[in-house]
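To start, the structure itself, in structure tokens.
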Amino acid sequence: MIIFDKVSKVYKNGTQALDNVSFEIKKGEFVSIVGQSGYGKSTILKLMIGEEKPTEGRVFVSGYDVSDLTEKELHQLRKEIGMIFQDFRLLPKKTVYENVAFTLEVSGATNKEIEEDVPQVLNLVGLLHKADKFPNSLSGGEKQRVAIARALVDRPSILIADEPTGSLDSLNTWDVIRLLLKINELGATVILATHNREVINMLNKRVITLDRGKIIRDEQKGRYIL
Ligand SMILES: Nc1ncnc2c1ncn2[C@@H]1O[C@H](COP(=O)(O)OP(=O)(O)O)[C@@H](O)[C@H]1O
Ligand SMILES: [Mg+2]
């Protein structure tokens, strides 16, 4: 479902972020991408969603050659991918419900679909009772669960999480990780970039380890060793 074939990325300023990176991720896998800050985790995720293009090599996601997409194809690819970030990126002037509904409005859903799907996904993340609250009244963990609901409501086949627990305490971290595992069990491919050692060692899932833009380990049931 996702293929990186000998991918290198050199940014315009000359920084080499990735050096000859190859891996495959199958449908339904839960894969963590680990490595210290600046080692290329976010660059890998940006290549997956077509936000950046490889300097060398090719990236395939859900059958699309991401290095060579028309605007229309890019739009279709993005519909297959939900993304969450360390800083949540919620809309502060919209309620929890409206934040999630907004994704569906943008993708042209009908009112009926919105009225059905938003409560369902808020229920999945355990926040139906906070539907009318604004983001600034929520804890960090709750904000991230809203962001997850928003990423999921369009039923993407892939969920990409870039340091989703980076600004959470350990209790909220586990809430978010448990939710990512549940989403994976429901069928989505989950890709988690993190440098949280504790999280990786508890997950017992596949780990791809980066060191300065190169893959140094790719293990099933991997641990965080750096
Ligand atoms: N847009 C950019 N322009 C120039 N250099 C960048 C850009 N984005 C990231 N980099 C550099 O590429 C390297 C990898 O960055 P990144 O993929 O963000 O790493 P990580 O997510 O592991 O912290 C770093 O040296 C970073 O400074
Ligand atoms: Mg990063």
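The values are calculated or read from the model by the stated rules, or taken from the named source; none is laboratory data. These numbers were taken from a predicted model, which means no experiment stands behind them. Backbone-built Cβ (ideal geometry, glycine too); neighbour counts: all protein chains shown.
Restricting to segment 106-161, count the residues that are among the polar types (S, T, N, Q) and farther than 14 Å from residue 90 by Cα. Final tally of qualifying residues: 6. Would you confirm, using the coordinates I've provided, whether residue 156 is part of a loop (DSSP other than H, G, I, E, B) and away from ligand 2 (no atom under 16 Å from the Cβ)? When the stated conditions are applied, residue 156 passes them. Filtering segment 41-62 to residues that are closer than 23 Å to residue 155 by Cβ, touching a residue at least 60 places away in the same chain (Cβ under 8 Å) and either more than 15 Å from ligand 1 (Cβ to nearest atom) or in contact with a Leu (Cβ under 7 Å, 6 or more places away or on another chain) (or both) leaves 61, 62.
For segment 170-194, the set of residues classified as within 16 Å of ligand 1 (Cβ to nearest atom) and over 18 Å from residue 141 (Cα atoms) consists of 191 only. Of the listed requirements (1) in a helix (DSSP H, G or I); (2) at pLDDT below 95, residue 183 misses just one: (2).
One residue stands out among those in segment 1-30 that are over 22 Å from residue 223 (Cβ atoms) and among the aliphatic types (A, V, I, L, M): the one that is farthest from the chain's Cα centre (by Cα), which is 10. Take segment 1-16 and flag every residue that is farther than 25 Å from residue 75 by Cβ and in contact (Cβ under 8 Å) with a residue 24 or more places away in the chain. Passing the criteria: 6, 8, 10, 16. Taken together, the residues in segment 201-224 that are within 15 Å of ligand 1 (Cβ to nearest atom) and either within 18 Å of the chain's Cα centre (by Cα) or in contact (Cβ under 8 Å) with a residue 24 or more places away in the chain (or both) amount to 10.
Considering only residues of segment 166-201 that are more than 19 Å from residue 222 (Cα to Cα) and of a type in the set (Ser, Thr, Tyr), which is surrounded by the most Cβ atoms within 10 Å (Cβ to Cβ)? Per the stated criteria, the residue is 173.
Of the helices (runs of 4 or more DSSP H) contained entirely in segment 41-142, those carrying at least 2 residues that are over 24 Å from residue 21 (Cα atoms) fall at 71-79, 96-106, 111-124. For segment 117-127, state whether one or more residues are at pLDDT 95 or above, closer than 25 Å to residue 192 by Cβ and among the acidic types (Asp, Glu). The answer is yes, given that some residue of segment 117-127 is at pLDDT 95 or above, closer than 25 Å to residue 192 by Cβ and among the acidic types (Asp, Glu). Looking only at residues of segment 1-27 that are of a type outside the set (D, E, K, R) and in contact with a Lys or Arg (Cβ under 6 Å, 6 or more places away or on another chain), we find that the one that is nearest to ligand 2 (Cβ to nearest atom) is 17.
Does residue 33 qualify as being within 16 Å of ligand 2 (Cβ to nearest atom), in a strand (DSSP E or B), within 20 Å of residue 220 (Cα to Cα) and touching a strand residue (DSSP E or B) at 6+ places or on another chain (Cβ under 8 Å)? In short, yes.
Every condition in (1) at pLDDT 95 or above; (2) more than 8 Å from ligand 1 (Cβ to nearest atom); (3) farther than 18 Å from residue 218 by Cβ; (4) surrounded by fewer than 20 Cβ atoms within 10 Å (Cβ to Cβ) holds for residue 38 except the one numbered (2).
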